[in-house]
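The structure under discussion appears below in the form of structure tokens.
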Amino acid sequence: MTNTAEIMDMGMECLMKNLGIVEAEHFISVIIREKSDYTKWHKKYFENVSSDEFQNEAVKYAAEHPFP
């Protein structure tokens, strides 16, 4: 199982790769300061993703990141 430091490193790497350093820092500051409901955000984020698409991505991820 991935530890907290590894997840933070992977998350930052992903944010910086996709947003760049400035926007990654901006994203983090928004997440920290805004009071939000993760469940509502999550539902809205995935509302246009079919269950088949979600499952295909999950299977792909599992194949690329097998458990030790």
Efficiency of FRET between residue 16 and residue 56 - r from beta-carbon atoms, R0 35 angstrom, step 0.05: 0.85
Rounded to the nearest 20 debye, dipole of the chain from Cβ charges on Lys, Arg, Asp, Glu: 260 debye
Show me the ranking of peptides 12-24, 55-67 by mean Cβ neighbours inside 10 Å, starting with the highest. 12-24, 55-67
Could you state the number of Å between the C-alpha centres of region 24-42 and region 47-66? 23 Å
Given only helices, namely DSSP H runs of n ≥ 4 each adding -39500 (n - 2.57), what is the per-residue ellipticity at 222 nm of the chain, to the nearest 500 deg cm²/dmol? -23500 deg cm²/dmol
Got a sec to turn the phi values of region 38-53 into Karplus ³J(HN,Hα) couplings, 6.51 cos²θ - 1.76 cosθ + 1.60 with θ = phi - 60°, whole Hz, x for Gly and Pro? 4, 4, 5, 4, 4, 4, 5, 4, 9, 5, 9, 9, 6, 5, 5, 4
Only one of the listed values, (i) 4.0; (ii) 6.0; (iii) 5.5, was derived from the coordinates as mean projected area of the Cα convex hull in nm²; which label is it? (ii)
Leaving ligands, DNA and RNA out of it, report the carbon-plus-sulfur percent of the accessible area of the chain at a 1.4 Å probe. 60 percent
Probe 1.4 Å, accessible area per residue of the chain, Å²: 98 Å²
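The values are calculated or read from the model by the stated rules, or taken from the named source; none is laboratory data. This one's a predicted model, so the numbers in the text were calculated from it and none came from an experiment. Cβ atoms come from the backbone with ideal geometry, glycine included; neighbour counts cover every protein chain shown. The protein model used for the area step is the full one, side chains on, heavy atoms only, and it has no ligands, DNA or RNA in it. Shrake-Rupley method; radii C 1.70, N 1.55, O 1.52, S 1.80 Å.
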